[in-house]
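Q: Sharing a structure, written as structure tokens. Questions coming.
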Amino acid sequence: EGVVEGIVRAVKVCVESEWVHFTAMQVLQNLCNTKSLCPEVYRKGSVVTILSSMWLMIDHEELLKSACWVLSCLAFSTNTATRVSMCREGAVKGVVAALRECQDHVGVVFTGCSALSNFARSEGAHPRMVDADVVPVLVEAIEEHRGNQGILMVALRALVLLSVDDVALYEMKRLSILSTCTLLTGSIPPKTAAHREALQLKKCLTKHRIECLLF
């Protein structure tokens, strides 16, 4: 009791301490590994603190990895209203910034794409996600990490979920993600989660292309 409030206060007081910011993210990560604690962590105002740490320590890869993991857990364990509220607070923009800053860091890319996938579970969050340039960042993650099935799984799943949004679909078409999916379905081992997501995204994009031709 009082742990999250203590973290929030510590980050505010020790705003220039890299150690405090990093330790705060690790503690929040440990708390959020217990799903039942996530709603309480969110209610205590942790998102503003997380984002503050991310922006102030944008070059600290391990901190960003922990921060993205916390946001992923919160997005997974809460409801649509909370996901939309987190987007409004800037959570998705923070994750996108982390992915752009650390595209070569496997840990940041996996947790960041996982967070985006969980936010995309709520269609109400899609407009803000599209506005935050989520689609290009996800496509870049897929292109840069074709050999990492974990990253492919969460990044492709995020795109599958976003494919119900017309603007997101247009972005995917512009970035030729259908061609990428075709290549991936031929290179990823079949019957894996990443392969299933690639097939599902290819199906969504192909259906959309056929509908455009018909209408």
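The values are calculated or read from the model by the stated rules, or taken from the named source; none is laboratory data. Please read all numbers here as calculations on a predicted model, not as lab measurements. Glycine also receives a Cβ, built like all others from the backbone with ideal geometry; neighbour counts cover every protein chain displayed. Accessible surface areas use protein heavy atoms only, side chains included; no ligands, DNA or RNA. Shrake-Rupley method; radii C 1.70, N 1.55, O 1.52, S 1.80 Å.
Q: Which whole-angstrom value gives the distance between the alpha carbon centres of segment 137-182 and segment 37-95?
A: What the calculation gives is 22 Å, centre to centre.
Q: Residue separation times 0.36 nm, minus the C-alpha to C-alpha distance between K207 and V167: what's the value?
A: Extra length available between K207 and V167 comes to 12.8 nm.
Q: Now for a separate question. Top to bottom by accessible area (1.4 Å), largest first, where do Y170, Y42 land?
A: The most accessible residue leads, giving Y170, Y42.
Q: Residue separation times 0.36 nm, minus the C-alpha to C-alpha distance between E123 and W55: what's the value?
A: Net length gain for the segment: 21.8 nm.
Q: Where in segment 156-177 does the label zone of E140 land, with the point 7 angstrom along Cα→C-beta and an amide N cut-off under 15 Å?
A: 175
Q: If you don't mind, there's one more thing I want to ask. What are the equivalent ellipsoid semi-axes of segment 81-152, built from the alpha-carbon gyration tensor (square roots of five times its eigenvalues), in whole angstrom, biggest first?
A: For segment 81-152, the ellipsoid semi-axes come out as 21, 11, 10 Å.
Q: Take a quick pass over the chain and tell me how many lysine pairs come in under 18 angstrom between Cα atoms, counting only ones 8 or more apart or on separate chains.
A: Close lysine pairs found across the chain: 8.
Q: With unit charges on the beta carbon (Lys/Arg positive, Asp/Glu negative), name the residue among G124, V134, H60 whose Cα is farthest towards the positive pole of the charge dipole of segment 40-151.
A: Ranked along the dipole, the leading option is G124.
Q: When only alpha-carbon atoms count, how far does segment 1-157 stretch along each of its three principal axes, as whole angstroms with the largest first?
A: 41, 31, 26
Q: Could you tell me which trypsin sites (Lys or Arg not before Pro) in segment 116-215 are loop residues by DSSP with no more than 11 other beta carbons within 10 angstrom of their beta carbon?
A: Counting only loop positions with at most 11 other Cβ atoms within 10 Å, the trypsin sites (Lys or Arg not before Pro) in segment 116-215 are K191.
Q: Multiply the residue separation of K191 and D104 by 0.36 nm, subtract the distance between their alpha-carbon atoms, and state the gained length in nm to one decimal.
A: Net length gain for the segment: 28.6 nm.
Q: Once you sort the root eigenvalues of the Cα gyration tensor of segment 82-215 as a ≥ b ≥ c, which label holds: rounded (a/c under 1.5), prolate (a/b larger than b/c) or oblate (the other case)?
A: oblate
Q: I want to check the label-to-label distance for C14 and S179. Put each point 7 Å from Cα in the C-beta direction and report it in nm to one decimal.
A: In this crude label model, C14 to S179 measures out at 5.0 nm.
Q: Only helical DSSP H runs with n ≥ 4 go in: add -39500 (n - 2.57) per run for the chain, normalise by residue count and round the 222 nm mean residue ellipticity to 500 deg cm²/dmol.
A: Result for the chain, helices only: -24000 deg cm²/dmol.
Q: Would you mind putting 99-110, 179-190 in packing order, based on average other-beta-carbon counts within 10 Å, highest first?
A: Those peptides, ordered most packed to least, come out 99-110, 179-190.
Q: Follow-up question, since we're still on this one. What is the distance, in nm, between label points placed 7 Å from the Cα along the Cα-to-Cβ direction at N79 and at V48?
A: Those two pseudo-labels are separated by 2.3 nm.
Q: Output the 0 to 90 degree angle, nearest 10, between the alpha-carbon long axis of helix 91-101 and the longest principal axis computed from the alpha carbons of the chain.
A: On a 0 to 90 degree scale, this one is about 80.
Q: Another question about this same structure. For a quick check of your reading of the filter: which GluC sites (Glu not before Pro) in segment 6-65 sit in a DSSP loop and have no more than 10 other Cβ atoms within 10 Å?
A: E16
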